[in-house]
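Reading through the structure tokens given below for one structure.
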DNA sequence: GAGCGTCTATTTGTCTGAGTAATATTCGCT
DNA sequence: AGCGAATATTACTCAGACAAATAGACGCTC
């Protein structure tokens, strides 16, 4: 009972996976490193072997480690990691993520989200348009500093991706959502308060509502580019 | 010891996760369904509770199920699934994947790969160019019907993504690679033999080697579009 | 001395059975 | 009818044993 780390609502195996995951993505355990054997490791963590093993299964499912008899559990090469797994990404952001990763994620956003906005403009239903409007209104009222505002922001982007009717594309949302969360977090630490992002959001909305694919692409491009610029500023600061 | 399914080199927990994963993505277990409790399920499968539990941890790590005390293990809604997880995708393709999923994946390829090719053209190193050339030469010699040829095809696409220097983007490769594999599989079943894809591949290569971003984007666009068209044909057949 | 099969020790993998913790449901009380 | 406590069900955690796989050492053969 020595206060397991981050013991929120996570189970024991989950919190161990969490802890180990962070230690891996932050470089505390390098690729190629072999973790101590199950018995030793579980004893050091003061948990049963089963709990530890279930944690390892979780990490293995995300590509972070690989277990083999007689060898042990080895941290895999980074190119085998499932970087688009929501948990893995969250673990990256928990420890300070490498600059290259953040830039890579925004580059991916710049590729995917404008294209998604264009598809959404062509395929969105009326109900989806209304849901988007509502999200933006909440966002406008609550402001980006509040939890409700940030949540509405994420909802909006998720709604756009859902409106594409493309499940794999929408699946990127959780990934990208994590990036957005991180950005807004660091934004709030900056003295120079960021420009109001609402006009850009409404521009995206208007184009999607009007069924204007090209306009939606352009508007989303502007939106993500600004977000990216602010993240770049935040990266400068440290 | 009643011949576990797909008992290749997978461990017991892995093969159970595999089997259950396929049953879930193929709709045999619908979202919202609750799996029988651990004791009953593990007894039905004739395995220990630990093996079954580790399998469930794997599925939970990929977002397919969710376990809670007093409720059981429930299949989650599809929008929570990690569709970009290589295993999940492989499970989809093992059972016949829904038409919408295949189309969605190709749509995603059409968005991502041309953009990636453009980035690769700007950033590739000399060594990467040589590796790409080699892959295409192997592909040319071995032909697409052989395992070596298909492997070289995958290598080429992977190399292009690696050359972007963008890790999250490259992480999409395993996903997209799975799609490519599936396409070539069904292509080979079609009577009308598909057009020779080598010229398109060389066009992509030439543009990347020349550092021509726009040309690389265009060439990759053509390549993926053709692949998509062939997949569409294959979908027609069934 | 080189190559090849065998043997062994180490590690993960699997099994069993017990007890704990969390929580949806039920029941009784107000 | 609403609310609070008891209950039953389920996953969760633990402990200890045995099985299977395999990297590396060893010894044998030629």
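Mind listing whichever residues of region A:33-45 are away from DNA strand D (no atom under 13 Å from the Cβ) and either surrounded by fewer than 16 Cβ atoms within 10 Å (Cβ to Cβ) or within 14 Å of chain B (Cβ to nearest Cβ) (or both)?
Listed by number, the residues that qualify are A:33, A:36, A:40.
Does region A:67-85 contain at least one residue that is closer than 30 Å to residue A:218 by Cβ and more than 16 Å from DNA strand D (Cβ to nearest atom)?
Within region A:67-85, one or more residues are closer than 30 Å to residue A:218 by Cβ and more than 16 Å from DNA strand D (Cβ to nearest atom).
Any residue at all in region A:66-81 that's more than 9 Å from every other protein chain (Cβ to nearest Cβ), touching a helix residue (DSSP H, G or I) at 6+ places or on another chain (Cβ under 8 Å) and in a helix (DSSP H, G or I)?
Among the residues of region A:66-81, not one is more than 9 Å from every other protein chain (Cβ to nearest Cβ), touching a helix residue (DSSP H, G or I) at 6+ places or on another chain (Cβ under 8 Å) and in a helix (DSSP H, G or I), which makes the answer no.
Do we have residue B:54 as within 16 Å of DNA strand D (Cβ to nearest atom), at pLDDT 95 or above and either within 30 Å of residue B:205 (Cα to Cα) or surrounded by fewer than 22 Cβ atoms within 10 Å (Cβ to Cβ) (or both) here?
In short, no.
Filter region A:92-129 for residues that are modelled with pLDDT under 95, in a helix (DSSP H, G or I) and more than 11 Å from chain B (Cβ to nearest Cβ); which is surrounded by the fewest Cβ atoms within 10 Å (Cβ to Cβ)?
My answer is A:99.
Give just the number: which of (1) at pLDDT below 95; (2) surrounded by fewer than 18 Cβ atoms within 10 Å (Cβ to Cβ); (3) under 22 Å from residue B:175 (Cβ atoms) does residue B:142 not satisfy?
(3)
Would you pick out the residues in region B:8-23 that are within 14 Å of another protein chain (Cβ to nearest Cβ) and either near DNA strand D (Cβ under 9 Å from one of its atoms) or part of a helix (DSSP H, G or I) (or both)?
Matches in region B:8-23: B:9, B:11, B:12, B:13, B:14, B:15, B:16, B:17, B:18, B:20, B:21.
Tell me which residues, restricted to region B:14-38, are within 11 Å of DNA strand C (Cβ to nearest atom) and under 25 Å from residue A:60 (Cβ atoms).
B:14, B:15, B:16, B:17, B:38, listed by residue number.
Does at least one position in region B:54-65 carry a residue that is more than 10 Å from chain A (Cβ to nearest Cβ), in contact (Cβ under 8 Å) with a residue 24 or more places away in the chain and assigned to a helix (DSSP H, G or I)?
no
Could you give me the residue pairs with C-beta distances under 6 Å whose first residue belongs to region B:114-132 and is in contact (Cβ under 8 Å) with a residue 40 or more places away in the chain, whose second residue is surrounded by fewer than 23 Cβ atoms within 10 Å (Cβ to Cβ) and outside any helix (DSSP H, G or I) wherever it lies, and which are 6+ apart or on separate chains?
Between residues of region B:114-132 that are in contact (Cβ under 8 Å) with a residue 40 or more places away in the chain and residues that are surrounded by fewer than 23 Cβ atoms within 10 Å (Cβ to Cβ) and outside any helix (DSSP H, G or I), the close pairs are B:121/B:211; B:121/B:212; B:123/B:165.
Does region A:42-80 hold any residues that are away from DNA strand C (no atom under 11 Å from the Cβ) and farther than 13 Å from residue A:14 by Cβ, and which are they?
Scanning region A:42-80 gives A:43, A:44, A:45, A:46, A:63, A:64, A:75, A:76, A:77, A:78, A:79, A:80.
Condition check ((1) under 16 Å from the mean Cα position of the chain (by Cα); (2) more than 17 Å from residue B:198 (Cβ to Cβ)) across all residues:
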{"position": "B:101", "(1), (2)": "yes, yes"}
{"position": "B:107", "(1), (2)": "yes, yes"}
{"position": "B:110", "(1), (2)": "yes, yes"}
{"position": "B:114", "(1), (2)": "no, yes"}
{"position": "B:124", "(1), (2)": "no, yes"}
{"position": "B:132", "(1), (2)": "no, no"}
{"position": "B:136", "(1), (2)": "no, no"}
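The values are calculated or read from the model by the stated rules, or taken from the named source; none is laboratory data. Fair warning: this is a prediction, and the values are worked out from it, not measured in the lab. Neighbour counts are summed over all protein chains in view; Cβ atoms, including those assigned to glycine, are modelled from backbone coordinates with ideal geometry.
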